[in-house]
Amino acid sequence: MTKTDLVDKMAKDADISKAAAQKALDSMITSIKTTLKKGNKVTLVGFGTFSVSKRAARKGRNPQTGEVIKIKASKAPKFTSGKAFKDAIK
């Protein structure tokens, strides 16, 4: 399912225009990004939790040359599904 398909489904299920559904979806995505950027979690009960995972700096190897390289510390978005969501897709 693409974002366009999701917008179409949301509009149909909520009996709203596609433009309103697009605006709602964009607002939700922006809100989640903003909250995660501040270092907070977003918990949607029954669905799951969006959070930020921190990765420590480490050493790696260039697979072509075998040279040791430094990999910087980074942050990555993480999603953990809730129990109700897991049970719904069994």
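Quick note: the coordinates plus some simple rules give every number you see, no bench work behind them. Nothing here was measured: the structure is a model prediction, and the numbers come from that model. Cβ coordinates were reconstructed from backbone atoms using ideal geometry, including for glycine residues, and neighbour counts include every protein chain displayed.
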Pulled fully out, how much extra length does the chain show between Lys41 and Ala84, if you take 0.36 nm times their separation in residues and subtract their Cα-Cα distance? 13.6 nm
Ellipsoid semi-axes in whole angstrom, largest first, where each is sqrt(5λ) of the Cα gyration tensor of the stretch 41-90: 36, 14, 5
Where labels lie 7 Å past Cα in the beta-carbon direction, separation of Leu6 and Lys33 in nm: 1.3 nm
Rounded tilt (10° steps) of 3-14 against the dominant C-alpha axis of the chain: 30 degrees
Computed [θ] at 222 nm, helices only, for the chain once each DSSP H run of length n ≥ 4 contributes -39500 (n - 2.57): -13500 deg cm²/dmol
Each label point is 7 Å from the Cα along the Cα-to-Cβ direction; what then is the distance between the points at Lys59 and Ser74, in nm? 2.0 nm
Where a Cα-Cα gap under 18 Å defines reach, which aspartates and glutamates qualify for Lys59, not counting those fewer than 8 residues away within the same chain? Glu67
Taking neighbour Cβ counts within 10 Å as the exposure measure, how do Asp15, Asp26 sort from fewest upward? Asp15, Asp26
